[in-house]
Every structure is written in C-alpha cells, then in structure tokens.
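Structure first, commentary second.
The values are calculated or read from the model by the stated rules, or taken from the named source; none is laboratory data. Predicted model, so just to flag it, every value in this text is computed and none were measured. Here the Cβ is made from the backbone with ideal geometry for all residues, glycine too, and neighbour counts use every protein chain on show.
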Protein chains: 4
Amino acid sequence: VYIPLPTSQHVEWAAKAIEAGKHVLVEKPLALDAKDILPLIKLRDAKKVLVCEAFMVIYHPQWIKVRDLIASGAIGRLRHVQGAFSYYNVDPNNMRNQLDLGGGALPDIGVYPTVSTRFSTGKEPLRVQATIERDKKFGTDIYSSIRADFGDFELSFYLSTQMAARQVMVFHGEKGFIEVFSPFNAGLYDHHRVELHNQNHTEAQVFRFPGTQQYRLEVETIARVAQGGKERVFTLEESVLNQKVIDAIFRAGGTDGWETV
Amino acid sequence: VYIPLPTSQHVEWAAKAIEAGKHVLVEKPLALDAKDILPLIKLRDAKKVLVCEAFMVIYHPQWIKVRDLIASGAIGRLRHVQGAFSYYNVDPNNMRNQLDLGGGALPDIGVYPTVSTRFSTGKEPLRVQATIERDKKFGTDIYSSIRADFGDFELSFYLSTQMAARQVMVFHGEKGFIEVFSPFNAGLYDHHRVELHNQNHTEAQVFRFPGTQQYRLEVETIARVAQGGKERVFTLEESVLNQKVIDAIFRAGGTDGWETV
Amino acid sequence: VYIPLPTSQHVEWAAKAIEAGKHVLVEKPLALDAKDILPLIKLRDAKKVLVCEAFMVIYHPQWIKVRDLIASGAIGRLRHVQGAFSYYNVDPNNMRNQLDLGGGALPDIGVYPTVSTRFSTGKEPLRVQATIERDKKFGTDIYSSIRADFGDFELSFYLSTQMAARQVMVFHGEKGFIEVFSPFNAGLYDHHRVELHNQNHTEAQVFRFPGTQQYRLEVETIARVAQGGKERVFTLEESVLNQKVIDAIFRAGGTDGWETV
Amino acid sequence: VYIPLPTSQHVEWAAKAIEAGKHVLVEKPLALDAKDILPLIKLRDAKKVLVCEAFMVIYHPQWIKVRDLIASGAIGRLRHVQGAFSYYNVDPNNMRNQLDLGGGALPDIGVYPTVSTRFSTGKEPLRVQATIERDKKFGTDIYSSIRADFGDFELSFYLSTQMAARQVMVFHGEKGFIEVFSPFNAGLYDHHRVELHNQNHTEAQVFRFPGTQQYRLEVETIARVAQGGKERVFTLEESVLNQKVIDAIFRAGGTDGWETV
C-alpha cells in the first residue's frame, strides 16, 4: 500500500494498513513528531510487515556514489556539508501552505539535506541551531537557516518555500569536495550529475546518471525487500532519527540557541 | 606607497607613510582590531592623503554586475547569501600560519564574503554567530562557520585554510539567484563568470569578464582618485566597518551565541 | 498503429496498416530509398489517414526554441551549422549492425542533424559531399563525414556507430551562436539545455526544459492531429525530403564529390 | 628579436634580423607561401641562430595534456577532430581586413586548428578540401569550411572573421572524446579547461590550467632553447609544413575538390 495523503493523516492510515497486514510505503514526512512513529514500529514488528517512509533519494545511484566516494577517502577528512533547497509557491490551496494539513517548509523539504547527509556519511547530528520564519497568513514555516553539528563535521543549509528554486549539496573535506547538482529532484532541477574536485581545484571528475528514475528504483527495491530481499531500505528507525532532527530544529527556532537532537 | 608587509606591521607602517604625506595602499587586513584603524583616519584627514585597504574585488566588473542586478530587482527580495572560501596550506613558514605575524583564516580571507556582500547590497550586518577552530600547533584560526544577520537577509558562509580550495558566493532572492563562480581570485579559481537564474530554474543569464585584472583595476582606480578623480574606492571608514565584523566573529566564536556588530 | 519493426520491413507494414484504415506512426527510418515512400503518400491520401515517421525531436520544446531564436534574428545571419552524433555498438546481434535488416549509421542516426537543421531553419539542402566508411564484417556504414550546402549556410557533421557517444548541434551566425547540448536523446545524453551566446562570447542565455518527454509529446501531438487538430507533425512529404538527403549522401560517399539532393 | 609587423613584411625583416645574427621570434603567419620560408631556413643554418614562428598554443600545458591523453590511449583510436575558430571584425582599418598587408581569416587564424591537431597527434594531413568565401569589399577571405584527411583520421573545421566569436577543438575516438574549451585564446575566450569524456558519456575528467600565460611560456621556452636548452619549440621546418596546408586549402578553395598537401 502506498499512502500519499496529506501529512497530518499519514500516521493514522499507516497504522490501519499495517493492522490489515499490508506492507506500507508512506509519503514523507511520515509524522510531525518523532514520538508518533514509535507506535508504528511496535505495530510493524507485531504484524511482521515492511513499513517505509518514501525517501526516494537514497535509492538514486548518485547518492550511492557520494557515499562511496566519501568512504573511499576521496575528499579526505570531511569538515563541512553545505546545502540549499527551495522553491516558490504561494498558492493558498496547496497542501504545503496549509498548517492544519501538516504544511510548511521543514515538514516538506527540511529532511532532505539531513537525510542525504546521514546517508552519505553514516553519522548522526548531535545538536542543531536554527532561525525560522513563518508566513503571516498561512502560519506555516516558509524559511529556515540551519546549522547541525555532527561532531566530526558541520552541516549548514537553508530552506524556503518562498524563494527561487535552488537545490545543491556540497560535501567538503581536506582533500577535495563533492558537489551534487540536482540532489533531490534529480533530472528535474538539473541533470543527474555529481562532481568531485581535487584539493587545488585544478582537476575534477564528473559522474552522470542519465535516465535514472529514483521513484521507480525506490518502489522496486522495497518490493524486493518485502519479498525477502536483503537490500538497504529507509526503516522506521531511521524515520525516528530524522524526525528528531526536525523536532530539534523547531525547538531551536524558538530558543535562538543550540538544541540537542 | 603600497604596503605588503606581514599583517601585524600594517598599521605602524601605514602611519609612517601617511605622516610622510604619501597616498597609501595597504594590503589587507589593514588591522587586527577595528579600533587600531581610527588613528589612521585622523592622520589621513590631517595629511589630506588617500589611504585604502587593498580590497581588489570591489573593482572587478563582475561585482559591479552583481550589485546592479540586485539593485535592478532581478532576484526580487534578497533573503539569503551563501558563501564559502577555503584553501589548503599547512606550511609552518607561511605567514598565514604564524599567529604573531597576524596569521589565521579570518584575518586572511574572512573579510571577503562580508565585503562582497556589503558591496553588493549596500547593507551592514547587525549581529553574527560563529564557530571557530584553531590549529593545535599554529594557534591560528583555521576553520570558521559563520551566520551574519543583515536584518533583511542572512549571510552564511564558512572559511578554512585547511580544506580543499573552494570559493563561491550565491545571492538568493524570491525571484531568482545569482551565483558568482570565482568571486575572490577571479580567473584563477575558475573563469570570471556570474550566472543569474530565474525563479523556476528554467532559464539563466551568463556574464563573463574575460581577461579582467582586478589588481590592475584597483591600482588604476586609486591612482585616479589620488589625483582628484571621483570614483568609488574602499575607504578607511569601510575598513572599520569590516574589521568590526571580524572582531564580532571572534567574540561570537568564544561565546557560541550571537554577538552584536 | 505504431510500427517499430526492423527498418527493412517499415514500408511493407506501414502500407498494410494504411490499407486497413489506421493512422500510422512508423519508427524511423521509414524507408531506405526516397522513392519507396511515394506509394505510401498515395495510399495515405486515398485512405485519408495520418501517417508519420517518428521524428520525436521536432516535438521537443528545445527545438521550437532554437527555431524561434533563429527566426527572431538572435544570431543574425546564419552561416554554419556544426553537428555530431555517435555511439559505440559492435554487437553483431544488434539490428543496427545487420545490413539486411536496414542497419547502418546513416539510416539509424544520419537523418537527425539534417532533420533538426531543416526544422530550425526552414531551408533545404541543395547538395552534399560525404566520406563513408563501412565495417568490414558487418558491411554496414559505420562512419560518415558530411557537408551539406543549404545555399545561405552550410551544415557539417559526422556520424558513427563505432565512436564514443557524443551529440551536439551548433547554429552559428554573425551575431551569436546557439548550442544544443543534448539534441537528439534529450535528457539522456545530457540535460535538456540550449545556450545562446552573444557576438563576443561575454554573455549567454541558458534555456532548460526539465522533465520533457519528447516521445510522449510526439504521440500526443499526433493523436490530436489524427482527431482533426491543427498542429505541425512530420509529414510523409518531409520524409521524402529527408530520405533524398540520405540517398544523396550515399551517392556522394561513392563519388567523393558533391551530389545534388 | 620579436617581429610583430604586418604579415606581408615578416619574411623580409626576419631575414634581416637573422643576418644580423639575432635569435628571432616572428609573429604568425610567418609567410604567405610555404616556399618563402625555405630561404630563412638556409639563412638560419648559416647563422646558427634560433628562428621561431610565434605559435604560443603549443607551449600551453593544456595542449601538452591533450597530446599525452591521446598518446596514452585515453580515447582509443582517434577518428575525427572537429574544430571552429571565429571572431567578428569588419573594421576596414584592421590589418586582418587588408589584403595587401597579408590579411584574411586563413593567414590569421587558419593555422591554429591544424597546428594544434598536428601537435596533439604527431600526424600530418595528406590532402584537404575547402570552401572559401571572400569579402566583396576587402577582398580578403572571411569564411572557410575545411576537411583535412590525416589518413588515420579526419579534421573538419570552419573559420571566420565575420561570425560571432567561437573556438573549440574536439578530439574524438572510439573510447572517448576530448574537448578543449578555450583552445587558442586560453583564458580569454573561456577558462583554460580540457575535458575527457568516456565512451558512453557517463563520466568525465576535467583539467584546468588557471593563470597560465601562454605567451610568457613561449618566450621563456624560446629563451632557454636559444641558450642551449633542449626543449620543444616550433621550428621553421614545422612552419613550412603548416604553410603547405594553408597553401593547399587556398588551392582547394579554387577547385572545389581535394588537394594534396
């Protein structure tokens, strides 16, 4: 079962589907608070089904390439991850601009920079700091600027639903940096393209992934795993970790200081 | 007179040159504390000479293009400026790695993102927040991650003298964003190239400035102004404003919170 | 009806489908000799159906943009069109490497540079000159280098089925030039991207067409026209003009001189 | 001695300088006919001096990289070299538009695609084919489209002094292709940048040569060789080979067929 309902109804309908013994793929964000996911984990274990939040990006080979490049030492010690994700949409009828349906920039796109950083590095953020602005009419969050401390390195990024479209992720180490040109809507924002630059910026390697359909790869992978395959999927446990970051960002937006994840 | 001495001797020798009635171009950073610049201003006014800190970037036509594009409304309301500036140098004999000569990332390159943002927008930062790391052996600051609140918009950037070379500045508004591909060492890091992207990322305008020699333009402009010409130069008053930002960043690095500029 | 059979059977099955009163979309190349298309035109007119060779490229908005830019005078007087189209395939089981199935580089990809030039300029080639190489084992043509004289301007391009993949088309005039980055397999070879450069190469405009599916646009357009819509499709008359160019290229490859189209 | 006079006076003044026992660097084109260079070779040998035509491009590390990549097999068997070189200049006072001073596109820029191909591959063209157009007022050649048969591979390119600025050279083999982005006015037309693409266009390597000053490298190399150094320079014997190509192109432009070099 695939659940693409408004965000505010995800947990409820996911639970119903699990109880019916179905494997479930829930559109992200699965929940609006990490603790809402915990009952689903219990239910999942009881019913022995597969339940996944729909993070298509981790099935795209460009992200597997980024993870492998970092692991191979291609950029040396990672020190900073810099990202951005924005689009412009002020349509009051759009779910993303409706607070009671779970709208807002952080629920909609805020998890992508964190998910892709967690996936690429295998590390978890320890604490976060954030500035958050809300739309006066919609009440939803429309702009955030965030720093996340991963211990070994830092992630900084900003988000907006009221800025020109931009998406980029850069993983920057001592020996090189990796730039992902179309990190989230691969092939739509720009070409599926990853570049690895050397230490003094005189050489680069370019990797292209033409024709990749990340949503199809996601569904196919989940189908194989549901039938017993051993492949990496995005588990509910990871959803909890992700949602904890978003929860901490919302808290940090209120206190103007660092908040532990 | 052009003063390219180690940073720690800039103020002293600039003062001597002014007293001798010379026009002075001092290599940046002029000082290591904003208050050290004030006596130079008095001296300059007394001697009626021209004294400028060597910020070559503001003489490069690519920055004049950025300023004009923003002023023309090409990107709509500006909300975020994102930047990076880094290179890798661990040579202990290099002045940049010697604390007593005024070394460190912030004195060497920390001012560029701020200067170019101030120049392009005409706005001043109100407060800053920073994380700063120092080299255990050199004692100099080698990595900073900074957020600066300009009231209307935010600037976020990171610096390092121990990361692979990267330099970029992005001015991101509601209707578009501007990317400067080789913002500081134009033509050396990459081509002199500015791109303006539209709101949904389907169109872009590219501006190239081949063969521009920003150091030559700087010297020629200053020479004309010294002889009575009316053109924009980087005044000591601006040096004070800049240095106040750096001073506040150093304070913020100690307190882990916001510091007023 | 869509006919994707081996090339050598296209005309026969297209005729059968037309006789059955069906609208027909035939995979290109429709024929291996221009005169084989003439009976299909008669049949089409008798049966009052729509018959089109599958040139998906002319339905892609990037080519409509190129045509409009040229027509608007954006590059001034057009003087040269330069192109390339190649891939590497030496699989003896592939239809493209089987002479009796209508294989070869010219039948497979040779028409694209000409079709896109004819579409973009509205002009027809007057004469052509060509060097053609054949595979010793397959007997098929595997490499051609071609110049086509359009009177006002010239088209030069080369093709190969045994060279690394490359595809590009450049329309070069007195005031600027247009480069199409992924002219034929848009979105697969590279991003859907067209650039217009100014006379001294200091400025450029970039046009992107993310997510365009040219095959879908083709089928949808043809479906609308089959139902009475008034839109441009690729007619059999155009197929004849195209095939005449290919026929002339084959002749020119034999004589090592110019051949009238 | 460096001789930057109008083309028509190069041979005469080069001869005078050699007779005076000077090492000579002559601006290209050295001559307007290959046989005019032969007396200079005799004179050079008699006076035991160094005489070079100023082909700065072969001293640029980007061309050494191209040559090494081809030699290393990076693109497999080379089959086609495609190039273009143009700018727009209709100033009647410019030497390039004055027939009696040796003006014209072929003398001015026609040798670059051939020189760089000869340098990168170590091969000589066997025969050429060309279309040449002349300006009605100036009488000089302003547009040429040329194919040169190198036996193993082909070079096709066009030139113009009355088209928008463009310069590119692509070396295309079975396993990959190399693109030189700013082949002749490196750093001015665009960045010093060479790209190597793999067989199916999914990966590329980028090589940048920031800050290279090819004229300085040329002069320094020649100075070292004049003082006994053993390095590659562009000899008068190579000037003869080059000029023979230009001479053959002019002949081919008249006969509309192939001309042996």
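The conditions of being part of a strand (DSSP E or B) and either within 21 Å of the chain's Cα centre (by Cα) or at the interface with another protein chain (Cβ under 9 Å from one of its Cβ atoms) (or both) are met by C:His172.
When you check C:Ile142 against the structure, is it buried (at least 17 other Cβ atoms within 10 Å of the Cβ), within 14 Å of another protein chain (Cβ to nearest Cβ), over 23 Å from C:Arg193 (Cβ atoms) and out of contact with any Phe, Trp or Tyr (no Cβ under 9 Å at 6 or more places or on another chain), yes or no? Taking the combined requirement at face value, the residue satisfies it. Taking the conditions (1) farther than 11 Å from B:Cys52 by Cβ; (2) in contact with a His (Cβ under 9 Å, 6 or more places away or on another chain) in turn, B:Val11 satisfies each one other than (2). Checking D:Val206 against (1) away from chain B (no Cβ under 13 Å); (2) within 22 Å of B:Leu188 (Cα to Cα); (3) modelled with pLDDT of 95 or more; (4) out of contact with any His (no Cβ under 7 Å at 6 or more places or on another chain): exactly one of these is not met. Which one? It fails just one condition, (1). Across segment A:13-37, the qualifying residues are those that are in contact (Cβ under 8 Å) with a residue 40 or more places away in the chain and under 20 Å from A:Arg224 (Cα atoms), and the one among them that is surrounded by the fewest Cβ atoms within 10 Å (Cβ to Cβ) is A:His23.
For A:Phe85, the conditions (1) of a type outside the set (D, E, K, R); (2) touching a Lys or Arg at 6+ places or on another chain (Cβ under 9 Å); (3) within 18 Å of A:Asn242 (Cα to Cα); (4) at the interface with another protein chain (Cβ under 10 Å from one of its Cβ atoms) all hold with the exception of (4). Just give me the residues in segment C:38-82 being among the hydrophobic types (A, V, I, L, M, F, W, C), assigned to a helix (DSSP H, G or I) and surrounded by 17 or more Cβ atoms within 10 Å (Cβ to Cβ), in sequence order. Answer for segment C:38-82, where residues must be among the hydrophobic types (A, V, I, L, M, F, W, C), assigned to a helix (DSSP H, G or I) and surrounded by 17 or more Cβ atoms within 10 Å (Cβ to Cβ): C:Leu40, C:Leu43, C:Met56, C:Val57, C:Ile58, C:Trp63, C:Val66, C:Leu69, C:Ile70.
Okay, residues lined up against (1) within 14 Å of chain D (Cβ to nearest Cβ); (2) surrounded by fewer than 18 Cβ atoms within 10 Å (Cβ to Cβ):
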| residue | (1), (2) |
| --- | --- |
| B:Met163 | no, no |
| B:Val168 | no, no |
| B:Ser182 | yes, no |
| B:Asn185 | yes, no |
| B:His197 | no, no |
| B:Thr202 | no, yes |
| B:Gly211 | yes, yes |
| B:Ile222 | no, no |
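Kindly indicate whether C:Glu195 is within 23 Å of C:Pro61 (Cβ to Cβ) and charged (D, E, K, R). For C:Glu195, the condition - within 23 Å of C:Pro61 (Cβ to Cβ) and charged (D, E, K, R) - is met.
Determine whether segment C:83-94 contains at least one residue that is in contact with a helix residue (DSSP H, G or I) (Cβ under 9 Å, 6 or more places away or on another chain), touching a residue at least 12 places away in the same chain (Cβ under 8 Å), surrounded by fewer than 18 Cβ atoms within 10 Å (Cβ to Cβ) and closer than 27 Å to C:His191 by Cα. Scanning segment C:83-94 turns up at least one residue that is in contact with a helix residue (DSSP H, G or I) (Cβ under 9 Å, 6 or more places away or on another chain), touching a residue at least 12 places away in the same chain (Cβ under 8 Å), surrounded by fewer than 18 Cβ atoms within 10 Å (Cβ to Cβ) and closer than 27 Å to C:His191 by Cα. Would you check if A:Gly104 is at negative phi and crowded, with 24+ Cβ neighbours inside 10 Å? Criteria not met by A:Gly104. One residue is enough: does segment C:145-157 have a residue meeting the conditions under 30 Å from A:Phe207 (Cβ atoms), crowded, with 23+ Cβ neighbours inside 10 Å, in contact with a His (Cβ under 6 Å, 6 or more places away or on another chain) and modelled with pLDDT of 95 or more? Checking segment C:145-157: not a single residue is under 30 Å from A:Phe207 (Cβ atoms), crowded, with 23+ Cβ neighbours inside 10 Å, in contact with a His (Cβ under 6 Å, 6 or more places away or on another chain) and modelled with pLDDT of 95 or more.
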